[in-house]
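Colleague: This is the structure I have questions about; it appears just below.
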Amino acid sequence: MHLSDAMMTDLNTLATWLAQDDMPGLTHINPDGLILAGHAVLPNILGALALAQSINIPVLLSGGIGHSTALLQTAMAKNPLTTTIDTAGMCEAEMLSAIAGRVFGMADAQILMEPRSRNCGENADFSSELLRDGQRTWRNIILVQDPLMQRRTVETFMFHWRKKGMPCRFISWPVFVPYLVRIGDVPVIMGGQLPGIWDIERYIAMMLGELRRLNDDSNGYGPSGAGFIGHVDLPDKVMMAGERLTAHGLCWRS
């Protein structure tokens with residue numbers, strides 16, 4: 001795939017905005033727990049679990065069988081840290097739990113599993129139900145998802161938890177913010193230099209798909225469209241970057 005320097009700049013603009021990172025603006029946090037929503041970007045998953053293990057906070061692992069399940073199995077098979085884990089028949093939450101236990105030595109008591117959700121909305125709904133049913137009050141939560149889905153995930157959790165009357169502060173953390181650099185003649189995704197990140201086609205398609213979902217029009221997920229999230233203001237530079245990329249024929253993921 002040929003990408004001009006201008007196209008790479010536009011893709012980096014989208015990635016920086018989508019991978020919402022609240023951590024740099026904070027000097028002190030006291031999280032009750034970390035919610036890790038299932039996806040297939042293994043450096044992100046490893047970073048999230050490493051943080052939870054190092055500061056000894058509980059983790060809620062959310063993910064059933066969905067779009068990323070087979071991709072996560074493939075990523076784990078290729079990564080030397082996880083290649084010995086047999087993922088056959090596992091849902092995403094079970095795979096994440098196996099990583100937490102086998103790679104990071106986290107105890108079962110530190111891990112909550114939500115194994116039913118198939119999409120972002122169900123991640124939000126079923127996670128809140130799990131905490132409520134277990135009489136756990138989490139008011140400050142580090143929220144982690146595929147970096148390219150991070151902004152929409154935060155918007156989705158805030159929208160669904162607000163409707164349920166569950167006040168919470170979500171601290172968005174993508175673990176790393178990806179960006180493209182041309183090395184020789186090849187555009188390379190930087191930021192998470194371990195096996196288990198996107199290929200370039202999926203990377204681009206996911207970004208453009210997220211932009212479409214977050215745009216509050218009849219095709220988006222906001223009040224003017226599907227109603228899955230609240231209204232989101234897209235910065236002009238982000239909208240213009242997306243429009244230029246689609247004008248070049250790049251396509252979004254459904």
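Rule-based calculations on the coordinates, nothing more; no lab input. Since this is a predicted model, take the numbers as computed values, not measurements. In this analysis, Cβ positions are derived from the backbone assuming ideal geometry, glycine residues included, and neighbour counts consider all displayed protein chains.
Colleague: Once phi is turned into ³J(HN,Hα) by the Karplus curve 6.51 cos²θ - 1.76 cosθ + 1.60 with θ = phi - 60°, what whole-Hz value does each residue of the stretch 8-23 show in order, with x for glycine and proline?
Modeller: After applying 6.51 cos²θ - 1.76 cosθ + 1.60, I find 5, 4, 5, 5, 5, 4, 5, 4, 4, 6, 5, 7, 4, 10, 7, 5 Hz.
Colleague: Using the Karplus equation 6.51 cos²θ - 1.76 cosθ + 1.60 (θ = phi - 60°), what ³J(HN,Hα) coupling, rounded to whole Hz, does each residue of the stretch 89-104 give in order, writing x for Gly and Pro?
Modeller: Rounded to whole hertz, the list is x, 8, 7, 5, 4, 5, 5, 4, 5, 5, 5, 4, x, 7, 8, 10.
Colleague: Related question: For the stretch 13-53, list residues with backbone N below 17 Å from a point placed 7 Å from the Cα of I183 toward its Cβ?
Modeller: 43
Colleague: Near the amide H of R169, under 5 Å away, which other amide H atoms are found, from residues 5 or more places off or on another chain, if H is placed in the peptide plane?
Modeller: Placed amide hydrogens put N140, I141 under 5 Å from R169.
Colleague: If a/c stays under 1.5 just call it rounded; otherwise compare a/b with b/c (prolate if a/b is bigger, oblate if not). Do that for the stretch 143-221, with a ≥ b ≥ c from the square roots of the Cα gyration tensor eigenvalues.
Modeller: Oblate shape, in that a/c is at least 1.5 and b/c is the bigger or equal ratio.
Colleague: Something else about it: Give me a comma-separated list of calculated 3J(HN,Hα) values for the stretch 209-222, in order, Karplus coefficients 6.51, -1.76, 1.60 applied at θ = phi - 60°, integers in Hz, x for any Gly or Pro.
Modeller: Ordered by residue, 3J(HN,Hα) equals x, 5, 4, 4, 5, 7, 5, 7, 9, 5, 9, x, 9, x Hz.
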